[in-house]
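First up is the structure itself, then whatever we jot down about it.
Derivation of every value follows stated rules applied to the coordinates shown; laboratory data play no part. Computed from a predicted structure; not experimentally measured. For neighbour counting, all protein chains shown are included, and Cβ atoms are generated from backbone atoms with ideal geometry for every residue, glycine included.
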Amino acid sequence: MGGPKRQSGAPGAAMRVLVGGGTGFVGTALTQLLRSRGHEVTHISRRRGRDRISWEELSRSGLPLCDAVVNLAGENVLNPFRRWNDAFCKEIISSRVETTKTLAKAISDAEQPPRAWVLVTGVGYYHPSLTAEYTEDSPGGDFDFFSRLVSSWEAAAVIPGSPARGVVVRSGVVLGRGGGAISQMLWPFRLGLGGPMGSGLQPFPWIHVQDLAGIVSHALESECLRGVLNGVSPAAPATTNGSFAQELAAALGRPALLPVPAWAVRAAFGAERALLLLEGQRVVPRRTLESGYRFIFPDLAAALKDIVA
């Protein structure tokens, strides 16, 4: 990883950034953003390649010289082609917790550790509720599979005594073109078959993929920033599953008249995964806003217009 040249407009010195899961939906958006700001990006993936090292190589040879590390790795929990069973659960855990442990160990063992270490997890850390509102300081983490997963995931990132500045971004439902949650929703809505899931009253903590990438980039470039940031839109606390369905239908010029009953969601995804769709968390990005990050898409209608245009 040679020294990158900073482009005009990028604040501060250019960085060499190592990204686990960098070829995925969020990773692609983050890579494009970081490179546009003059930073050099190397991915960690299953196979070695151009601007890419393998997880096996990382475990064997240690951390390459870099200024920052980001982990976005994780199997898609809502993969419609995967049945919910013990093997899939283990894959979900391993793809998040074990990759984080591998990176944390590599950072800990590095002769020249990076300055920043950013992990992207999820708002599943917080307890689902129709009324409670959560900030970055709210408790959570030990009431179902997903909250325990996030707790283990974040615990795996802790490196006692490390000089690397640690940031955790708890992401909401990521919306964007060509991937993320919305890719599975578009066709039913385009056909006029979309609608809210279950009661439709459950909170829907969303974020546009460009803002999630923006928050991670902001965390990397802000030398004093550390701790937890909620990766959700400022409008997310007021968004329910029902209002999201109405906004998506409006963006497509279609009705949203066909609610999906809770039993159908459970039958399609299994009881554990259905919790992600039938329950939700009302999450506020308080520290994210206080840190100075300015959202590109703070409004749901504008975000959906951008995605479906």
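Per-structure values
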read-out: Exposed-site-free run, longest, the chain (rule: GluC sites (Glu not before Pro); DSSP loop; at most 12 other C-beta within 10 Å); value: 112-222
read-out: Choice from G195, G22, G49 with maximal GNM fluctuation in the chain (Cα, 10 Å cutoff); value: G49
read-out: Average Cα contact separation per residue, the chain, under 8 Å, 6 or more apart, as relative contact order %; value: 18
read-out: K305 paired with D51, simple spin-label distance in nm, labels 7 Å along Cα-to-beta-carbon; value: 3.2
read-out: Relative contact order (%) - segment 36-117, alpha-carbon pairs under 8 angstrom, separation at least six; value: 33
read-out: Cα gyration tensor shape of segment 203-248, rounded if a/c is under 1.5, else prolate or oblate by comparing a/b with b/c; value: prolate
read-out: Residues in segment 139-155 reached by a label modelled at S129 [backbone nitrogen below 20 Å; 7 Å Cα→Cβ]; value: 139-151
read-out: Volume per residue that the Cα convex hull of segment 195-309 spans, once the total is divided by residue count, Å³; value: 107
read-out: I207, I159, I215 arranged by Cβ crowding within 10 Å, fewest neighbours leading; value: I159, I215, I207
read-out: DSSP beta bridge pairing in the chain, given as percent antiparallel to the nearest 5; value: 10
read-out: Computed helical MRE - 222 nm, the chain, DSSP H runs ≥ 4 contributing -39500 (n - 2.57), nearest 500; value: -10000 deg cm²/dmol
read-out: Highest-MSF residue in the chain out of V123, V265, V167 [GNM, Cα springs under 10 Å]; value: V265
read-out: Exposure proxy ranking, count of Cβ atoms within 10 Å, fewest first, for C66, C89; value: C89, C66
read-out: Alpha-carbon Rg with Dmax, taken over the chain, Å; value: 19.1, 59
read-out: Longest to shortest principal axis, alpha-carbon extents of segment 151-190, angstrom; value: 52, 18, 12
read-out: Sorted largest first, extent of segment 97-174 alpha carbons per principal axis (Å); value: 48, 24, 21
read-out: Helix 241-252 vs. the chain, principal-axis angle (Cα, 0 to 90°, nearest 10); value: 90
